[in-house]
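What follows is a single structure, written as structure tokens, with notes after it.
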Amino acid sequence: MQQWYVVRCKPREDERAEMQLGNQEYEVYRPLARMRRRRGNSVTHRIESLFPGYLFIHLDATQGDWSPIRSTRGVLDLVRFGTYPTPLPDEIIQDLHQREDKDHGWVDLTGASRYQRNQAIRIVDGPFAGHEALFQSHSGQDRVIVLLNIMQQSVRTTVPEGAITQA
């Protein structure tokens, strides 16, 4: 029975490990993400590994010899808890595939397509639930900066991205 396992790669060699394992005809999955990177005053978007230093491999659970995988260029070892590599539930891999952009094959973490600067939003969760605000920018992964009008003053605050919706 085949199951998914996590492969730990050497630093900055997950792409190489993916290619080498693929050449050995292993089924390998390295989720990619489109990320926003700031360099000086400019912002660029890059495609990078969603989990740098790791990738997933689909293996037969009865396979006892893991040495061909461990000796592959770019690979350190399979992730283990105890003596044996620990399998992942298939649902995790399925969920990652569902989050991917159907046209490009990566997860978009730039947030560029969802909200525009000064767009009216409503906070639906947390201490400011029910308040309207203006979207300002993304602040790291899964957080946004909004401009609230509280007591006739504009206040910038950071909230989880999941706590806002379009007004």
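Just to verify a number: what accessible area does Ile121 come out at with the full protein assembly present, 1.4 Å probe, Å² rounded to tens?
Accessible area, nearest 10 Å²: 0 Å².
Ignoring everything except DSSP H segments at least 4 long, calculate the 222 nm mean residue ellipticity for the chain; use -39,500 (n - 2.57) per segment, divide by total residues, nearest 500.
Details: 3 runs with 24 residues, N = 167.
Here the helix-only value at 222 nm equals -4000 deg cm²/dmol.
Tell me which trypsin sites (Lys or Arg not before Pro) from the range 58-155 have a DSSP coil assignment and no more than 11 other beta carbons within 10 Å of their own.
Numbers: sites: Arg70, Arg73, Arg80, Arg99, Lys102, Arg114, Arg117, Arg122, Arg143; in loops: Arg73, Lys102, Arg114, Arg117.
Sites meeting the loop and neighbour criteria: Lys102, Arg117.
For the chain, which span is the longest to avoid every loop-located (per DSSP) member of GluC sites (Glu not before Pro) having at most 16 other Cβ atoms inside 10 Å? Please list the in-between numbers first.
Numbers: sites that count: Glu13, Glu25, Glu100.
So the longest stretch without any such site is 26-99.
Accessible area of the range 2-166 with a 1.4 Å probe: how many percent of it is carbon plus sulfur?
On the way: 4860 of 10470 Å².
It is 46 percent, rounded to a whole number.
Per 5 Å bin from zero, what fraction in whole % of the C-alpha pairs of the chain is there, up to the bin with the longest pair?
2, 8, 14, 15, 13, 11, 10, 9, 8, 6, 3, 1, 0, 0
Which chymotrypsin sites (Phe, Trp or Tyr not before Pro) does the range 52-130 hold that lie in a coil by DSSP with at most 15 other beta carbons within 10 Å? Mind dumping the intermediate values first?
Details: sites: Tyr54, Phe56, Trp66, Phe81, Trp106, Tyr115, Phe128; in loops: Trp66, Phe81, Tyr115, Phe128.
Counting only loop positions with at most 15 other Cβ atoms within 10 Å, the chymotrypsin sites (Phe, Trp or Tyr not before Pro) in the range 52-130 are Trp66, Phe81.
Placing +1 on the Cβ of each Lys and Arg and -1 on the Cβ of each Asp and Glu in the chain, which of Ile145, Gln24, Cys9 has its Cα farthest towards the positive end of the resulting dipole?
Ile145
Only Cα pairs within less than 10 Å get springs; with that Gaussian network setup on the chain, which residue of Gly130, Gly22, Gly82 has the largest fluctuation?
Gly82
Report, in whole Å, the centroid distance computed from the Cα atoms of the range 1-58 and the range 126-164.
Taking the Cα centre of each part, the range 1-58 and the range 126-164 sit 33 Å apart.
Compute the semi-axes of the equivalent ellipsoid of the range 73-113, taking the square root of 5 times each eigenvalue of the Cα gyration tensor, and list them largest first in whole Å.
Details: eigenvalues 168, 39, 18 Å².
Calculated on Cα positions only, the semi-axes equal 29, 14, 9 Å.
For Val7, what accessible area in Å² do you get when you roll a 1.4 Å probe over the heavy atoms of the protein chains, rounding to the nearest 10?
Accessible surface of Val7 is approximately 0 Å².
Once the whole set of protein chains is in place, how much accessible area is left on Met35, using a 1.4 Å probe, in Å² to the nearest 10?
It works out to around 30 Å².
The values are calculated or read from the model by the stated rules, or taken from the named source; none is laboratory data. This one's a predicted model, so the numbers in the text were calculated from it and none came from an experiment. Methodologically, a virtual Cβ is constructed for each residue, glycine included, from the backbone with ideal geometry; neighbour enumeration extends over all protein chains shown. Quick note on the areas: whole protein, heavy atoms, side chains included, nothing else; ligands and nucleic acids left out. Shrake-Rupley method; radii C 1.70, N 1.55, O 1.52, S 1.80 Å.
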